[in-house]
Amino acid sequence: MSVKCWQIYPLIAFLCVSLVSHAEPIREVPLPADQAVDNIETAKLSGNPAASVFSRWPDDLILAPVPGRSSELGWTLTLGAGYFLPQKNISNPNSLVGVMAMASENESHAVGVGGSFHLLNDRLRLVMLLGDLTFNYRFWGIGNSAGESGKYLNVSQTGQILYSMAMWEWFDSVYAGVGVIGGTSEVSLRGQQTTAFDLPDPTISLDLGALELPLKYDSRDDVNFPREGILGEASVYLYRDWLGSDFTTDIFKLDGNVYLPARTGDVLALRAMYRSASGDAPFFLLSSFGGKTDLRGYDTGRYRDSDMYALQGEYRWRASDKWVLTGFAGVGEVADSPKEFFSNYLPAAGVGARFMLSRKHQVSLSADWAVGKNGSEFYFGVGEAF
């Protein structure tokens, strides 16, 4: 349920939260004619829970205060607001605009605004994101041995980012288009350092400029809480000097999700992904684990290298029309090249819960606890992991 762009730059992940649905289309799917009226699938479209407190609360407006805590950032609070724009044809996806602001205990902060628009009966999809970020985090080094050592540097990354993308439906459920990434990024050491290694450059100040070539197949019955269908995506990011980039690199990502219905309202979700960065990519654009989507349970960027893959499965049990409980497990690796895979597995597993912020649009507030090879992590956010 995302643009799948948190590997481009850390700010995009925060902007995705602000868009509630991570800038993907919001699809309202009519119930099958033979489905019982009292089925739980009907109940989940009945409105926004906030309406019970605020009698005039708009069904299409979602406010999401998202608290969180991690060993890296400390306590965090993200405030996001998203509004689903009215549409004439209810079978088409909703357009969406959103804003966000984030602050953390370790003085990281971000602000952003964006939108996802669906035009010409959803033949044309547009996404725009704009934001500013200061992100204080740990750089663990590059390679499996660096992740295993437990040593890190405290770094601070600041920057601005602009992302825009347009996709056209060339065939039924098949979209292709072009995107543009622009911005700046500066990385510097933060505080007194005692670890026996250095950044690739003590101060990295770079201009970012890239062309994205995305391809997508989407047969899901719903975007926010799919129960059946397939989502397959392939994207190439070309960083070039003629686009304003200070470095040249190619980034390729391929991922696929499969959703299998189980019982009444439940779903088994499966995911596989592969990512590769070539050329002279700066360390923050290399492939790494630590986000909410791929292999929950690891410190952000602790395992980082040119190539990575991850395999995951998650069972989503709809306990009621407001609550969903989850259990998940997965495995992945990072390596300098694919031929070095299958030698240093990174397992992960965990449980989670979701509360429906909007049953009309099936957007949920999520909380996950995951255990990895080196400890555990908590995740708070909006929407499903994948």
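All of the numbers you see were taken from the coordinates with simple rules; none came from a lab. Since the structure is predicted, the reported quantities are computational estimates derived from the model, not experimental observations. Neighbour counts are summed over all protein chains in view; Cβ atoms, including those assigned to glycine, are modelled from backbone coordinates with ideal geometry.
Brief remarks on what is shown
- Among His118, His109, a tally of other beta-carbon atoms within 10 Å of each Cβ gives an order, fewest to most, of His109, His118.
- Across segment 369-382, rounded Karplus estimates of 3J(HN,Hα) from the backbone phi angles (6.51 cos²θ - 1.76 cosθ + 1.60, θ = phi - 60°) give 10, 10, 10, x, 5, 10, x, 10, 9, 9, 10, 10, x, 10 Hz, Gly and Pro being marked x.
- Proxy reagent accessibility, fewest Cβ within 10 Å first, across Phe380, Phe247, Phe289: Phe247, Phe380, Phe289
- Cα-based equivalent ellipsoid of segment 150-283: semi-axis lengths in Å, sorted from largest, via gyration tensor: 36, 22, 12
- Other residues whose C-beta falls under 12 angstrom from the C-beta of Leu213 contribute a net charge of -1, scoring Lys and Arg +1 and Asp and Glu -1.
- Label-point separation in nm, Thr264 to Leu311, each point 7 Å along Cα→Cβ: 3.5 nm
- Flagged links, alpha-carbon separation over 27 Å, of Lys253/Lys292; Lys151/Lys216; Lys88/Lys216; Lys151/Lys373; Lys292/Lys373; Lys339/Lys373: Lys151/Lys216
- Sorted by Cβ density within 10 Å, fewest first, the residues Ser104, Ser156: Ser156, Ser104
- Segment 83-151 and segment 363-382: distance between their alpha carbon centers, rounded to Å: 17 Å
- Segment Arg123..Ser173, full-extension length gain: 17.0 nm, with 0.36 nm per residue of separation and the alpha-carbon distance subtracted.
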